[in-house]
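Asker: Would you mind keeping the following structure in view while I ask a few things?
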Amino acid sequence: MRKLFIYIIVGISLTSCFRLDDNLFDPEAGITEYKLDGYDGEQHFVLDASYAIPSNLVSIFTLNSQSPSEATPTTIYAIYIGDVNTISTDTVIMYCHGNSKHMDYYWQRAKLLAHCGGKNNYGVMMVDYRGYGLSEGEPSEDGLYADVDAALNWLKGSGLTDDRLVMYGYSMGSAPSCELTSKPRSLTPAKLILEAPFASAAVMIQDASVLGLPPSFITNLKIDNAEEIKNISQPLMWMHGTEDLFLNVNTHGQVVYDNHQGVYKEAHKINATDHDDLPPMYGYQNYRNNIDVFIKK
Amino acid sequence: MKKIIYGLAGLLIITQLFSCMPSRVVRPLDKGQRAVGAHLGGPLIGFAGTTIPMPFTSIMYAQGVTEKTTVFGSVHTTSLLFGVIQTDIGACHNLYYNDSLRIGLSVTPAVNMAYDKWESNFKLWPQVDVNMYWDIRPKKSFVYVGVDNWFELANTREHDQPQENRWIVNPQIGYTNVRDKWNHNIEFKYLAPNLDNEPGVVDYKGVSGKGAIGVYISFIRKF
């Protein structure tokens with residue numbers, strides 16, 4: 001009886017495979033098209049008509065993305081805001097969105113970035129990671145990196161050079177932003193902007209459990225921006241709400257900021273601001289101006 | 001954002017299973033008596049518009065080694081499903097008993113240990129329960145109040161950040177219905193009442209933004 005009990009315990013342990021990695025991703029399936037300004041789903045803010053982007057400056061297209069573990073590429077969707085014919089001279093912000101829904105959900109944020117420093121001043125590139133929106137496949141950590149790099153590869157092919165690439169990561173998007181700035185593939189970003197970034201999967205687990213549990217008890221995710229940032233020498237701009245109820249400003253963002261070893265960095269802690277509210281709480285004008293100043297520095 | 005929180009809650013609420021179970025033994029068993037128990041429950045959380053206790057499970061074996069001391073060991077069955085072997089091993093010792101008032105005081109030191117098959121990480125943390133119980137009738141059903149204490153031995157968290165929560169205090173109250181062969185127990189625990197439950201991705205149900213209320217039931221078969 002005792003042996004049987006031990007066999008059952010060991011057997012369950014060895015054969016069990018519950019991992020909660022997929023819970024990081026929260027894509028919305030089932031959309032049939034990107035609606036952009038016509039999107040009427042949940043949004044945290046909607047910009048007024050002065051932020052409208054002319055239709056000739058909005059391009060929606062597909063890319064082939066292949067992670068190292070894949071035998072065949074995955075088709076993902078991308079949006080470029082700007083004139084695709086002037087990418088060889090423009091400065092472009094690679095916007096890596098968060099873990100929710102799809103690009104429609106982040107469209108207002110991408111538009112705001114395009115207007116930093118003036119109307120349609122910057123090109124903005126955004127992709128739906130695999131499994132998000134119309135992109136094929138299932139979300140994965142490797143997939144995040146491959147999908148953003150597929151966009152960078154497209155930009156490179158369109159004439160973008162390292163010195164005019166600014167990487168922007170919001171929330172979960174801080175993972176591909178830090179990874180591809182720390183370990184560049186197609187292009188090496190000139191600057192890095194992080195809005196409400198993760199420190200690491202480990203910090204998320206320890207914040208919730210109080211005790212310092214090893215992350216491997218729950219997840220195989222290796223997201224570790226706090227370590228990746230140590231290899232990044234490019235200038236860093238960090239923005240974080242002081243009342244972020246999702247990713248604690250002190251245990252997440254501040255750790256990433258403190259670990260940056262580059263020659264220049266600037267921090268913007270926005271009072272009374274939660275995870276999703278930073279642009280409107282900061283003030284659109286302040287947000288746009290400060291990003292523009294940082295990019296031009 | 002709430003939807004994001006719910007999505008990620010699954011990743012994170014589960015972490016509580018590593019640190020949260022009801023009192024294994026409050027009143028020692030008789031000398032030589034054995035017991036096997038199943039425990040179910042966890043902290044209350046808001047999930048998908050309602051409040052639920054996390055359904056964490058564990059099984060326990062206990063044996064009375066003297067009239068005053070019972071040793072026990074457990075396996076956390078929910079943890080097993082995640083490839084983590086977790087146990088808590090300890091002893092309940094009766095410090096005091098007043099025959100006329102039928103009030104007793106027990107202390108239960110234990111060691112929690114967990115090991116995962118994925119990266120072979122190991123974690124150990126001590127725990128001490130102190131409970132005062134009142135026998136409603138001699139040797140029969142009893143109620144108890146006490147404090148469950150967890151101790152974090154590590155000085156630092158991930159990324160060499162200071163570990164500020166070294167001693168976690170969890171007050172508790174419970175009732176044990178004692179039958180000839182079975183005990184049935186319900187326990188309410190206020191987990192970490194001194195700690196803010198925000199910011200965080202888990203919608204813990206505490207009091208005024210502090211801690212989380214835990215609810216547990218146990219079924220114990222005695223031999």
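Coordinate-derived values only; no laboratory data. On a predicted model such as this, the values are computed, not experimentally measured, just so you know. Glycine gets a Cβ as well: all are built from the backbone with ideal geometry, and neighbour counts include every protein chain shown.
Asker: Please state the shape class of the range A:62-203: rounded when a/c is under 1.5, otherwise prolate if a/b exceeds b/c and oblate if not, all from the C-alpha gyration tensor.
Answerer: Since a/c stays below 1.5, the shape of the range A:62-203 is classed as rounded.
Asker: Next up: Roughly how big is chain B's charge dipole about its Cα centre, with Cβ charges of +1 (Lys, Arg) and -1 (Asp, Glu), in debye to the nearest 20?
Answerer: On the way: 22 positive and 18 negative charges, 184 e Å.
Computed charge dipole of chain B: roughly 880 debye.
Asker: Give the shape of the range A:204-262 as rounded, prolate or oblate, defined through the alpha-carbon gyration tensor: a ≥ b ≥ c are the square roots of its eigenvalues, a/c under 1.5 means rounded, and otherwise the shape is prolate if a/b is larger than b/c and oblate if not.
Answerer: Working: a/c = 2.71, a/b = 1.39, b/c = 1.94.
Oblate shape, in that a/c is at least 1.5 and b/c is the bigger or equal ratio.
Asker: Oh, and also: Suppose a student asked you for the relative contact order of chain A, using Cα pairs under 8 Å spaced at least 6 residues apart; what percent would you report?
Answerer: After rounding, I find 16 percent.
Asker: Cross-link candidates for residue B:117: which lysines have Cα within less than 21 Å, leaving aside residues fewer than 8 places away along the same chain?
Answerer: By straight Cα distance, residue B:117 reaches A:3, A:222.
Asker: By average Cβ neighbour count within 10 Å, what is the ranking of B:49-57, A:276-284, A:288-296 from highest down?
Answerer: Top of the packing list down: A:276-284, A:288-296, B:49-57.
Asker: Between residue A:58 and residues 5 or more places away or on another chain, which pairs have amide H atoms under 5 Å apart, with H built 1.01 Å from N, and which residues are they?
Answerer: Amide H neighbours of residue A:58: A:82.
Asker: Further question on the same structure: Which ³J(HN,Hα) values in Hz, rounded to whole numbers, follow from the phi angles of the range B:27-35 under the Karplus curve 6.51 cos²θ - 1.76 cosθ + 1.60, where θ = phi - 60° and Gly and Pro get x?
Answerer: These are the phi-based 3J(HN,Hα) values: 10, x, 6, 5, 4, x, 6, 10, 8 Hz.
Asker: So what J values fall out for the range A:184-189 if you push phi through Karplus, 6.51 cos²θ - 1.76 cosθ + 1.60 with θ = phi - 60°, rounded to Hz, Gly and Pro as x?
Answerer: With coefficients 6.51, -1.76 and 1.60, one gets x, 10, 6, 9, 10, x Hz.
Asker: A further question follows. Suppose every K and R has +1 on its Cβ and every D and E has -1 on its Cβ; what is the size of the dipole of the range A:179-258 about the Cα centre, in Debye to the nearest 20? Please report the intermediate quantities before stating the final value.
Answerer: Details: 5 positive and 9 negative charges, 73 e Å.
Magnitude of the dipole: close to 360 debye.
Asker: Quick one: Kirkwood hydrodynamic radius for the range A:28-70, alpha-carbon pairs, angstrom, one decimal?
Answerer: Kirkwood radius, the range A:28-70: 13.8 Å.
Asker: Let me ask another. Projected onto the charge dipole of the protein assembly as shown (+1 at Lys/Arg Cβ, -1 at Asp/Glu Cβ, origin at the Cα centre), which of A:271, B:38, B:154 gives the Cα projection farthest towards the positive end?
Answerer: B:38
Asker: Enter the Cα centre distance for the pair the range A:226-290 and the range A:142-175, rounded to the nearest angstrom.
Answerer: Their Cα centres are 19 Å away from one another.
Asker: Do any GluC sites (Glu not before Pro) in the range B:126-223 lie in a DSSP loop with no more than 16 other beta carbon atoms within 10 Å, and if so, which? Don't jump to the answer; show the numbers that get you there.
Answerer: Details: sites: B:152, B:158, B:164, B:187; in loops: B:152, B:164.
Taking the range B:126-223 and a limit of 16 other Cβ atoms within 10 Å, the loop GluC sites (Glu not before Pro) found are B:164.
Asker: Over the Cα atoms of the range B:20-88, each weighted equally, I'd like the Debye log10 I(q)/I(0) at q = 0.20, 0.21, 0.24, 0.28 Å⁻¹, rounded to two decimals.
Answerer: -0.83, -0.87, -0.99, -1.15
Asker: Taking beta carbons within 10 Å but only from partner chains, what does the mean come to for residues B:164-170?
Answerer: 1
Asker: With a/c under 1.5 counting as rounded, go ahead and sort the range A:168-297 into rounded, prolate or oblate using the C-alpha gyration tensor (a ≥ b ≥ c being the square roots of the eigenvalues; past the cut-off, prolate if a/b is larger than b/c, else oblate). Mind showing how you got there, number by number?
Answerer: Numbers: a/c = 2.15, a/b = 1.22, b/c = 1.75.
Oblate shape, in that a/c is at least 1.5 and b/c is the bigger or equal ratio.
Asker: Of A:200, A:102, A:261, whose Cα points farthest to the positive end of the dipole of chain A (charges on the beta-carbon: +1 Lys, Arg; -1 Asp, Glu; origin at the Cα centre)?
Answerer: Of the options given, the answer is A:261.
Asker: Moving on. Which value in Å does the Kirkwood hydrodynamic radius of the protein assembly as shown take, with 1/r averaged over all unlike C-alpha pairs and then inverted? Don't skip to the end; give the middle numbers.
Answerer: Working: mean 1/r = 0.0399 Å⁻¹.
About 25.1 Å for the protein assembly as shown.
Asker: Give me the percent relative contact order of the range A:210-297, please, defined on Cα pairs under 8 angstrom at least 6 residues apart.
Answerer: Averaging sequence separation for qualifying contacts and normalising by length gives 30 percent for the range A:210-297.
Asker: Can you give me the relative contact order of chain B as a percent, contacts being Cα pairs under 8 Å and 6 or more apart?
Answerer: Values: 568 pairs, mean separation 43.5, N = 223.
20 percent.
Asker: Considering every residue in A:216-223, what mean count of other chain Cβ atoms within 10 Å of its Cβ is obtained?
Answerer: 6
Asker: State, in angstrom, two size descriptors of the range B:64-204 derived from its alpha carbons: Rg to one decimal place and Dmax to the nearest whole number.
Answerer: 17.7, 55
Asker: Percent of Cα-Cα pairs per 5 Å bin, from 0 to the last occupied bin, for the range A:39-103, please list those.
Answerer: Going out from 0 Å in 5 Å bins, the range A:39-103 shows 3, 11, 15, 24, 21, 13, 9, 3, 1, 0 percent.
Asker: Evaluate peptide A:71-81: per residue, the Cβ atoms of other protein chains within 10 Å of its Cβ; return the mean as an integer.
Answerer: On the way: counts 0, 0, 0, 0, 0, 0, 0, 0, 0, 0, 0.
Across the residues of A:71-81, the mean count of other-chain Cβ atoms within 10 Å is 0.
Asker: What number in nm² do you get for chain A if you take the convex hull of its Cα atoms and divide its surface by four?
Answerer: That works out to 17.4 nm², a quarter of the Cα hull's surface.
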